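S.K.: The following block contains the structure, expressed as structure tokens.
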Amino acid sequence: MSKNRYQGHIAAATAFLIALCLLAVTALQARDKPPLPRVLIIGDSISIGYTDHVREMLAGKAEVQRIPQNGGHTWRGLKRLEAWLGSEKWDVIHFNWGIWDLVHFREGKYDVTGKRVSTRKQYAENLGRLVARLKATGARLIWADTTPVPDKVVGCIMGQEIEFNTVAREVMDKHGVTVNDLHTYVAPHLGKYQQPNDVHFKPEGSIFLAHKVARTILNALRNPTSPFDMPEIKPPIFPQRIVDIRNYGAVDDGKTLNTQAIAKAITTCAWEGGGRVLVPPGIWLTGAIHLKSNIDLHLAQGAELRFSTNPEDYLPAVFVRWAGFECYNYSPLIYANGCTNIAITGPGTLEGQGKPWWNWTKHQDRVAQKLYDMVLSDIAVQDRVFGNRKDPLRPQFFQPINCKNVFIEGVTITSGPFWTIQCVYCQNVLIRKIAIINHGPNNDGINLDSSRNVLIEHCTFATGDDCIALKSGLNEDGWRVGRPTENVVVRHCRMKKGHGGVVIGSDMSGNVRNLFVHDCDFHGSSTGIRIKSSRGRGGVVENLWYQDINLGDIFRQGIVMHTDYKAWFGSDHGKAPTFRNIHIENVTCQHVAQAARIAGLPEQAIENITLKNVTINAKDGLTCTNTKGLNLVNVAITPKTGNVMHIKDIQDVIIRQGHCPKGANPFLRVEGSTSKNVKIIDTDISKAKVPIELGKDVKPTVVIQK
């Protein structure tokens, strides 16, 4: 054998061995690589149009499958759902029934004078049964609202899908299912994306829908990375020790006061090194509960801690921050001061019996003014003592103060005297899967007060005030303490009722920064995104991100950020607050009184605001005053009448890829002698009755179209 031939054999063998090694490595990598999450799409022909695009958008991130046929009406769903689900596990199910339930037939033919496939009642009942079965799979569920039915569709009546979407919303709220509002998302763009006189979409319309479907699915599978440095928040670990309150004399008759028995159980457990203090099934009446380090107060299924309505059961007074001011007051119903590793967990209920306390609101302004006068007079905190019937201030439900590693999970909290959860000067807080149902005056859900590194997720709120609020002290007392609220993530929460969804202020004198809110539903709140303050507060609110928010149907404003708020202990002079660097993206709002209001002060403009991919149907459009740096990208605001956008005394505005409703009157009105540098880019405003309207003090060169 020649030398060259021999060397060729060696090279071939070497190549073969290398190929075998590569195959083996690839096989091992494939074996070790976890399978992709599995997604099932259930729907009619609208979903057929967007599924392939969703599959492409989620390639390498999820395995997307769709049922093998048109999902049709809910009756078909009830018959075939088991076959569609199969025996395999699904991680996410994105589903819809609606258009086929709306179809009218007469003698087997499409006819709007005939009988509808499903009545409103039948649709609700069928959908409830389908959702119950889908929940049993354990998958994350996403309901897709039925897309618009235009005029002259054979067998359908224009607008009836809105009625059924309302029914579906009620069903989804009942079952805690995420709503993907495709109807509001696509409605302003039907002329561009929907086929004429047809419920179906053009190819580019299906791609437009697919973007929202894919994003909603992906966010259900994994959480977006925080836009600021945020440590991982984990629940504290407790020793495997269980201390039963019954062993210390607690009686579950709803009449015996168990304050001392619970205190003994907590003290004993803490002295032994910590663990779980168990509240078994039953109704346990108690006064103030004071937690200690390394204590997990656990409420079993069927357990209710029912709190006394006797103010004497919350004495002696303890150190608290009350509505922005430090003082000594009645103990919160549950209290912890200077503790590490504390928790309230379990499927049980905390019942505050708040109604008898609510009458104290008639004294609130007088007593709060007395407290503020003490602040202004530099009276030491230890001498600001309340907790008496003469000067009554309502106690909070749960206030951990100066605590580290706080964990709240699973409980339902109802009917408290005042704010529900107020974390003050706390670090590393995790609140998840709780429900707060508290409809009294000033019954905020969760208030984060000069606290840092907080994660709130998968919670439900129905409150008498703001659902979640970020605060940092009020006026002079806030400046004295000087501790911001910072590094907060709120995700996958549902706000069924409240003054605002996730709110900043108005007491923010110690600064608020680094907030990321995503994948939340504010349907039912009075206001959606709410950032408020006033002269006299000072302080800085900065670096806020609101992303992938469904505002649904709310009452006042979809988005409001203003420093002219008529606040408690605000003024017409004094330090102006600063709002800057606020980013709002991927927001839909089905209906609201006003789309958005942004209002700074002449001496301190609101700075650097971005609204991107925002769709809002409203009675009135957007107004913006005293603002510098407003960036509106792909914003579709559809007011019933009047201005789409009205800006005054505002500088450096960019309106890019905007949506101009037909007949807008006007699309943009500009006022104020200080307004300048307003640019309209890649935006067709030809359909407006009046495209641009300038006030008498505005020069024509202020607005530039590109």
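S.K.: Nearest-5 percent of antiparallel DSSP beta bridges in segment 244-311?
M.R.: Working: 0 of 13 bridges.
Bridges in segment 244-311 are about 0 percent antiparallel.
S.K.: Among the DSSP beta bridges whose two residues both lie in the chain, what percent are antiparallel, rounded to the nearest 5?
M.R.: Numbers: 11 of 191 bridges.
The antiparallel fraction comes to roughly 5 percent.
S.K.: Then there is this: How much of the DSSP beta bridge set in segment 280-426 is antiparallel, as a percent to the nearest 5?
M.R.: Approximately 15 percent, going by the DSSP bridge assignments.
S.K.: Sticking with this structure for a sec: Residue-wise, which Karplus ³J(HN,Hα) couplings in Hz belong to segment 454-461, taking 6.51 cos²θ - 1.76 cosθ + 1.60, θ = phi - 60°, and x for glycine or proline?
M.R.: For segment 454-461, the Karplus curve yields 10, 10, 10, 8, 6, 10, 10, 10 Hz.
S.K.: Let's test the formula: R0 of 25 Å, r as the Cβ-Cβ distance of Thr361 and Ala300. What FRET efficiency results, to the nearest 0.05?
M.R.: Working: r = 34 Å, r/R0 = 1.37.
Efficiency at R0 = 25 Å is approximately 0.15.
S.K.: Can you grab the distance from the C-alpha centre of segment 115-160 to the C-alpha centre of segment 516-588, Å, no decimals?
M.R.: 34 Å
S.K.: Roughly how many nanometres apart are two label points built 7 Å out from the Cα toward the Cβ at Ser377 and Asn197?
M.R.: Calculated label separation equals 8.0 nm.
S.K.: Need the C-alpha centroid separation for segment 389-435 versus segment 301-361, integer Å.
M.R.: Segment 389-435 and segment 301-361 have Cα centres spaced 8 Å from each other.
S.K.: Follow-up question, since we're still on this one. Return the calculated 222 nm mean residue ellipticity for the chain, to the nearest 500 deg cm²/dmol, obtained by summing -39500 (n - 2.57) across DSSP H runs with n ≥ 4 and dividing by the residue count.
M.R.: On the way: 12 runs with 155 residues, N = 706.
Here the helix-only value at 222 nm equals -7000 deg cm²/dmol.
S.K.: A follow-up question, please. Tell me the relative contact order for the chain as a rounded percent, counting alpha carbon contacts under 8 Å between residues six or more apart. List each step's numbers first, then the result.
M.R.: On the way: 1919 pairs, mean separation 41.1, N = 706.
Rounded, it is 6 percent for the chain.
S.K.: So which trypsin sites (Lys or Arg not before Pro) in segment 209-285 pass both tests, a DSSP loop state and at most 16 other Cβ atoms within 10 Å of the Cβ?
M.R.: Arg222, Arg241
S.K.: Identify all lysines with a Cα-Cα distance to Lys33 below 22 Å; exclude those on the same chain that are fewer than 8 residues away in sequence.
M.R.: Qualifying lysines at Cα under 22 Å: Lys61, Lys89.
S.K.: Then there's this: Across segment 288-295, in residue order, what do the Karplus-derived ³J(HN,Hα) couplings come to in whole Hz, using 6.51 cos²θ - 1.76 cosθ + 1.60 with θ = phi - 60° and x for Gly and Pro?
M.R.: After applying 6.51 cos²θ - 1.76 cosθ + 1.60, I find 4, 10, 10, 7, 10, 4, 6, 10 Hz.
S.K.: For the pair His189 and Glu88, how long in nm is the line joining their label points, each one 7 Å along Cα→Cβ?
M.R.: 3.1 nm
S.K.: Moving on. Under a straight-distance cross-link criterion of Cα-Cα below 17 Å, which aspartates and glutamates are reachable from Lys264, leaving out those fewer than 8 residues away in the same chain?
M.R.: Result set, ordered by chain and number: Asp244, Asp252, Glu272, Asp296, Asp313.
S.K.: Probe radius 1.4 Å, ligands and nucleic acids ignored: give me the carbon and sulfur share of the accessible area of the chain as a rounded percent.
M.R.: Numbers: 14880 of 29000 Å².
With neighbouring chains kept in place, the figure for the chain is 51 percent.
S.K.: Please compute the length gained on full extension between Arg656 and Thr674, using 0.36 nm multiplied by the number of residues separating them and subtracting their Cα-Cα distance. Mind showing how you got there, number by number?
M.R.: Details: separation 18, 0.36 × 18 = 6.48 nm, distance 2.19 nm.
Length gained, Arg656 through Thr674: 4.3 nm.
S.K.: Further, regarding this structure: Per 0.36 nm of contour for each residue apart, how much would the distance between Lys174 and Gln260 grow if the chain were fully extended, relative to their Cα-Cα spacing?
M.R.: Between Lys174 and Gln260, full extension yields an extra 27.1 nm.
S.K.: By per-residue mean of other Cβ atoms within 10 Å, what is the highest-first order of 145-154, 76-85, 510-519?
M.R.: Working: 145-154: 18.6, 76-85: 15.8, 510-519: 23.4.
Peptide ranking by packing, descending: 510-519, 145-154, 76-85.
S.K.: Sticking with this one: Show me, for segment 507-515, the HN-Hα J-couplings you get by feeding each phi into the Karplus relation (A = 6.51, B = -1.76, C = 1.60, θ = phi - 60°), rounded to Hz, glycine and proline as x.
M.R.: So the Karplus estimates, Gly and Pro as x, are 7, 9, 5, x, 5, 9, 8, 6, 10 Hz.
S.K.: Hey, another quick one. Rounded to the nearest 0.05, what FRET efficiency do Arg106 and Arg80 give with R0 = 35 Å and r taken as the Cβ-Cβ distance? Could you check? Kindly include the intermediate steps, with their values, before the conclusion.
M.R.: On the way: r = 26 Å, r/R0 = 0.74.
After rounding, the FRET efficiency stands at 0.85.
S.K.: For His439 and Leu36, compute 0.36 nm times the residue count separating them, minus their Cα-Cα distance, and round to one decimal in nm.
M.R.: Additional length available on full extension: 140.8 nm.
S.K.: Which FRET efficiency, nearest 0.05, do Ala59 and Thr225 yield, Cβ-Cβ r, R0 25 Å?
M.R.: On the way: r = 20 Å, r/R0 = 0.80.
The calculated FRET efficiency here is 0.80.
S.K.: Counting heavy atoms of the protein chains only and a 1.4 Å probe, report the per residue accessible area for the chain as a whole number of Å². Show your work: numbers first, answer last.
M.R.: Working: 29000 Å² over 706 residues.
About 41 Å² of surface per residue is accessible.
S.K.: Using the per-residue mean of other Cβ atoms lying within 10 Å as a proxy for protection, in what order, highest first, do the peptides 110-118, 50-58, 316-324 fall?
M.R.: On the way: 110-118: 15.1, 50-58: 19.7, 316-324: 21.7.
Going by the mean number of other Cβ atoms within 10 Å, highest first, we get 316-324, 50-58, 110-118.
S.K.: Can you give me the pair-distance distribution of segment 447-487, C-alpha pairs, 5 Å bins, whole percents?
M.R.: Histogram of Cα-Cα distances, whole percents per bin: 6, 20, 25, 20, 16, 8, 4, 0.
S.K.: Mind checking the log10 I(q)/I(0) for segment 230-341 at q = 0.11, 0.13 Å⁻¹? Debye, one equal scatterer per Cα, no solvent, two decimals.
M.R.: Debye curve over Cα of segment 230-341, log10 I(q)/I(0) at q = 0.11, 0.13 Å⁻¹: -0.38, -0.53.
S.K.: Hey, can you rank 172-179, 228-235, 605-612 by average C-beta count inside 10 Å, highest first? Don't skip to the answer; put the middle values down first.
M.R.: Values: 172-179: 17.9, 228-235: 13.4, 605-612: 21.0.
Output ranking for 172-179, 228-235, 605-612: 605-612, 172-179, 228-235.
S.K.: Run the quick spin-label model on Glu125 and Ile237: label points 7 Å from Cα toward the beta carbon, then report their separation in nm to one decimal.
M.R.: The two pseudo-label positions are separated by 5.3 nm.
The values are calculated or read from the model by the stated rules, or taken from the named source; none is laboratory data. Treat the numbers as computed from the prediction; the structure is a model and nothing was measured. Heads up, the Cβs are rebuilt from the backbone with ideal geometry, glycines too, and the neighbour counts pull from every protein chain shown. Accessible surface is based on the protein model in full, side chains and every heavy atom, while ligands, DNA and RNA are left aside. Shrake-Rupley method; radii C 1.70, N 1.55, O 1.52, S 1.80 Å.
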